[in-house]
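Here the structure comes first, spelled out in structure tokens, and everything after it is commentary.
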Amino acid sequence: MRNTLVAGGLVVLVATTIAAIGAAQAPQLAALPVTVPAPADNPTTPERVALGRLLFWDPILSGGKDVACATCHHPDFGYSDGLALSIGANGVGLGPARAFAAGHKSLPVKRNSQTILNVAFNGLAARSNATPATAPMFWDLRVQGLEAQALEPLKAIDEMRGGTIPEDRAVAAVVTRLNALPEYRRLFARAFGGTAAVSEQNLGRALAAFQRSLVAMNAPVDRYMRGDATALGAEQLRGMDRFSTAGCVQCHNGPMFSDYTPHVLGVPDQAALPASDAGLNQTYAFRTPSLRNVGLTAPYMHNGLFATLPEVINFYQRVSRGGGNRGGRGGRGLNPHVTRDEIDPLARGLRVGGRGQRDLIAFLEALTDPDFDRTIPAQVPSGLPVGGRLR
């Protein structure tokens, strides 16, 4: 049975201290809230969610009318895409089978597509005062709030804009297209009211409202923290203890298993990119990703360099052991642009070596709730292929 969306209001935390955590100073982990937050100026309503869903799947939002938001955030891949680096504009196919159409230059998105499941809870961390309007978005924290985040891919040449529309006109061009369709005018008026409901602001609001409806808040770890002692097995409980004592919880904490803070880790460069990605303010810092539904959203890290969870753990072993910086692009070491002293002390202090990796992975897999909304519209108001060129 799908989770029920409870819209608006303040977040009511259902937080329970994990008794198995051995480090008393470790930040508390918690179950997800039962109430989904929304900003005061964009309350979640059925009309806004329904409109946002159609927009999310409609390639009319892209410059070449060939890619939709859902292309890179598809329910078959936990609302990610299963690729190391996403393929947006000028791509054909779905998930790992997606490639650039013949005759088009390869221009992959430079970062891994994060899942949007539970993105409504971004910023909800053990030490954070973020609100729905100030929640950090993207790997480099470049915008705040889902309403702002939703419009950014429309402007990016490698994501949805392509090369057909100037960046500063991209969103306005989409609004003009939507205004030309009577069905979208009707749906926007129903969702927002007024005589000029189709606007850039309401476009962002509708997309954000739909994204807030994509919740998966009943993973085994949630059930355990809400009092079901049988929800986690012995292996998963040992893994939860190891998650704390190894130091993982220092950054992956709170209900979303993220501190929403940037950290320098020294992940090697992605060989598929033409240049090194230096992240936030050219420091090689990237935001801690949520571990929610991590079992559904491989590959991992900001550039999708690691295909499996064991590869991620092995990387952190190299970091903690002072592994060399000869990783180059796609290598097995660390990023040569980052010195040992520049790597975050929390990463250097991890204790993930030795036995217990299987237990740790079992716990990480217990953060997945596969019961989420996978609805795909039969058609979209533009009449274009639902989801873009997926085949």
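A residue that is free of Cβ contacts under 8 Å to residues at least 24 places away in the same chain and surrounded by fewer than 19 Cβ atoms within 10 Å (Cβ to Cβ) occurs nowhere in the range 358-370. Restricting attention to the range 297-310 and to residues that are outside any loop (DSSP other than H, G, I, E, B) and touching a Leu at 6+ places or on another chain (Cβ under 8 Å), the residue that is nearest to D76 (Cα to Cα) turns out to be Y300.
Taking the condition in the same structural domain as A70 (by TED's automatic domain parsing) and among the acidic types (D, E), does E235 pass? It is false that E235 is in the same structural domain as A70 (by TED's automatic domain parsing) and among the acidic types (D, E). Out of R326, R391, one residue alone is modelled with pLDDT under 95, under 25 Å from the mean Cα position of the chain (by Cα), surrounded by fewer than 16 Cβ atoms within 10 Å (Cβ to Cβ) and part of a loop (DSSP other than H, G, I, E, B). It is R391. Here A246 qualifies as of a type in the set (A, V, I, L, M) and farther than 23 Å from D371 by Cα.
Scanning the range 171-230 for residues that are touching a residue at least 40 places away in the same chain (Cβ under 8 Å), over 25 Å from V36 (Cβ atoms) and buried (at least 20 other Cβ atoms within 10 Å of the Cβ) turns up V174, L178, Y184. Exactly one residue out of S80, S106 is buried (at least 23 other Cβ atoms within 10 Å of the Cβ) and either of a type in the set (G, A, S) or over 17 Å from the mean Cα position of the chain (by Cα) (or both), and it is S80. In the range 302-320, the residues that are among the basic types (K, R) reach residues that are not in a helix (DSSP H, G or I) with C-beta atoms within less than 7 angstrom, at least six apart or across chains, in these pairs: R318/G333; R318/L334.
Within the range 111-127, does at least one residue satisfy the condition of being modelled with pLDDT of 95 or more, in a loop (DSSP other than H, G, I, E, B) and either among the basic types (K, R) or on the phi > 0 side of the Ramachandran plot (or both)? Scanning the range 111-127 turns up at least one residue that is modelled with pLDDT of 95 or more, in a loop (DSSP other than H, G, I, E, B) and either among the basic types (K, R) or on the phi > 0 side of the Ramachandran plot (or both). Go through (1) touching a strand residue (DSSP E or B) at 6+ places or on another chain (Cβ under 9 Å); (2) more than 20 Å from L141 (Cβ to Cβ) for M301 and report which single condition fails. Single failed check for M301: (2). Counting only helices (runs of 4 or more DSSP H) that fall entirely inside the range 168-238 and contain at least 2 residues that are modelled with pLDDT of 95 or more and among the polar types (S, T, N, Q), the qualifying elements are 170-179, 200-212. With respect to (1) more than 20 Å from A125 (Cβ to Cβ); (2) part of a loop (DSSP other than H, G, I, E, B); (3) of a type in the set (S, T, N, Q), the lone exception for S290 is condition (1). Consider the range 333-347 and keep the residues that are assigned to a loop (DSSP other than H, G, I, E, B) and surrounded by 15 or more Cβ atoms within 10 Å (Cβ to Cβ). The one that is modelled with the lowest pLDDT is G333.
The values are calculated or read from the model by the stated rules, or taken from the named source; none is laboratory data. The shown structure was predicted, so the numbers you read here are calculated from the model rather than taken from an experiment. Every residue, glycine as well, gets a Cβ built from its backbone with ideal geometry; the counts of neighbours run over all protein chains shown.
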